[in-house]
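I have placed the structure first, in the form of structure tokens, so that the comments after it can refer back to it.
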Amino acid sequence: MPRDTFSIFLFLSIAVLTVVRALFALEWLGGVAAGLVALLLIVEFTRIPGLQRGVGIALLLGGTVAAAFTPDPAAIILLGLEKTLPFLLLFASVAWLQIPSGQSPSLLAVRETVLRQPPGRRFAWVAAVGHFLGVAFNLAGLSLLTPMVEQGKDERLQKRLGRAMIQGFGAGTCWSPLYVGTAVIIASVPGVSWIEVGPAGFGIAMVLLGWSWTFDRLFARRGGGGGGTATERQSGMPPIVWARLILILCSLFGCIIGLVEGLGWSIPVALAVTAPVYAMIWSLLIRRAGAGPGAAATARRVLAGLPGLRGEALLFTGANVLGVGIAALIPDAGPAASEFPIAPTVMLVLIMAGYALLSAAGLHPVVTVVLVTSILTPTVIGVSPAILALALMTMWGQGTNISPFSATVLYMARVTGRSGWTVAWRWNGPFGITATLILAGIIAILNLNGFA
């Protein structure tokens with residue numbers, strides 16, 4: 001059997017086993033799926049890009065060393081592999097939405113509208129569109145805007161618009177259930193549902209978008225920007241395009257949130273069930289409109305692309321093994337909230353600051369989330385589960401934007417021809433610091449006012 005075919009089979013098997021395990025409470029399937037994850041990494045190891053392979057190996061080695069100091073190292077490693085299952089399920093699910101989103105006439109019309117914006121409005125449009133396309137279609141939505149920042153563009157303009165894209169995109173983790181970080185955080189903090197944190201997270205995301213635009217006006221746009229052409233000033237978008245875009249986003253989110261809140265499914269499972277069906281229907285409609293590859297061709301392209309997730313699979317496996325391994329070294333019996341030496345609000349702020357520092361140093365945000373949710377639980381800190389989940393959700397996007405090894409930064413580095421360090425630290429570092437301060441202030445105020 002060709003290697004690609006075998007890897008596709010492994011990905012599909014992992015997804016099916018993870019869904020069946022969740023829906024029918026067959027916990028033993030988790031061990032089987034975890035074994036398939038290990039086999040997938042072995043099969044695809046030589047084809048994983050060098051940087052991702054190096055970071056993934058370092059994470060796995062760190063987790064293995066930590067597990068070696070526990071009574072049952074094998075159980076710790078197995079738990080880390082099992083915790084990777086929701087991530088892989090999310091990656092595979094979102095892949096179904098990437099093909100039709102890149103072919104949709106409505107989304108392409110949105111891109112053309114953004115490209116026509118005059119300099120005075122372009123940053124705000126790029127950030128907003130990057131946000132709302134990203135929250136639904138992840139990097140596939142962001143890729144629609146890449147013509148604005150491709151190699152060869154004016155360096156200063158490239159930097160500004162690149163920042164707009166990923167800052168708008170990163171704000172989506174504050175609320176979108178289709179983001180890997182958001183879905184996993186909600187699943188990792190016991191007693192939290194999306195409806196408890198999603199609306200507040202949406203409001204915080206709007207604050208971040210506003211601050212991103214303000215930051216650009218104050219510190220980056222001075223001394224230039226250029227004038228717009230007559231074509232650029234024709235910036236309106238037909239109402240029918242707005243209506244179709246809203247219908248796409250609302251129908252997709254409605255299906256997922258309906259399954260989550262109505263049936264009590266986890267977000268990864270709801271997305272895994274919804275995304276393939278939604279993608280097939282969407283592809284069929286696009287084909288009937290005279291564009292796109294059609295449903296059958298979309299399915300073939302999605303399946304053929306699954307082995308390409310090998311790098312993400314290694315990184316998230318390593319991060320989970322490291323997080324679980326370190327958490328296992330901490331005694332189970334933590335202090336009661338009344339005995340914890342740091343005030344709850346102060347602890348939340350410290351967690352968010354540490355989150356940013358560790359991300360900038362190159363530690364993947366998932367490691368921070370695993371450690372916090374395993375050690376500094378809401379009971380230990382003395383806060384509600386919802387406020388802790390919201391703090392982690394809002395910081396995930398900022399963490400990925402200032403991490404030189406995150407998928408978002410590596411994608412932007414590849415598109416613009418810059419290094420990951422340049423994109424993470426020089427382009428996003430100053431904004432990330434100020435955004436962290438703003439987010440910490442918002443979370444502190446919400447906690448002091450009893451957000452739950």
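The values are calculated or read from the model by the stated rules, or taken from the named source; none is laboratory data. For clarity, every value in this text was computed on a predicted model and none was experimentally measured. Every residue, glycine among them, receives a Cβ derived from its backbone with ideal geometry; neighbour counts consider all protein chains shown. We work out accessible area using only protein heavy atoms, side chains counted, and drop any ligands, DNA or RNA first. Shrake-Rupley method; radii C 1.70, N 1.55, O 1.52, S 1.80 Å.
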Query raised in the report: Which percent of the accessible heavy-atom area of the chain goes to carbon and sulfur, probe 1.4 angstrom?
Result: 68 percent
Query raised in the report: How do L448, L350 stack up against each other in accessible area, from largest to smallest, with a 1.4 angstrom probe?
Result: L448, L350
Query raised in the report: Leaving out ligands, DNA and RNA but keeping every protein chain, what accessible area does F169 have, in Å² rounded to the nearest 10, with a 1.4 Å probe?
Result: 10 Å²
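Quickly rank 281-288, 397-404, 305-312, 24-31 as a protection proxy: mean count of other C-beta atoms within 10 Å, highest first. Let's see the in-between values first.
Working: 281-288: 17.8, 397-404: 27.4, 305-312: 19.2, 24-31: 12.2.
By packing density, highest mean first, the sequence is 397-404, 305-312, 281-288, 24-31.
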**Report entry** Label-to-label distance, nm, for residues given as T70 and I42 (7 Å Cα→Cβ offset)
**Finding:** 2.2 nm
**Report entry** Å² per residue, accessible surface of segment 283-437 at 1.4 Å
**Finding:** 37 Å²
Query raised in the report: Rounded to the nearest 10 Å², what accessible area does C250 show when all protein chains are kept and the probe is 1.4 Å?
Result: 80 Å²
Report task. Kindly sort D4, D216, D154 by accessible area of their heavy atoms, largest first, with the probe set to 1.4 Å. Result -> D154, D4, D216
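Quick one: accessible area per residue over segment 1-146, 1.4 Å probe, rounded to a whole number of Å²?
Working: 5770 Å² over 146 residues.
In whole numbers, segment 1-146 has 40 Å² accessible per residue.
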Query raised in the report: To the nearest Å, what is the center-to-center distance of segment 48-88 and segment 113-174, using C-alpha atoms only?
Result: 34 Å
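Can you tell me the order of 382-394, 257-269, 47-59 when each peptide is scored by its average per-residue count of other Cβ atoms within 10 angstrom, highest first? Working shown, then result.
Working: 382-394: 25.6, 257-269: 17.9, 47-59: 16.4.
Descending packing order for the listed peptides: 382-394, 257-269, 47-59.
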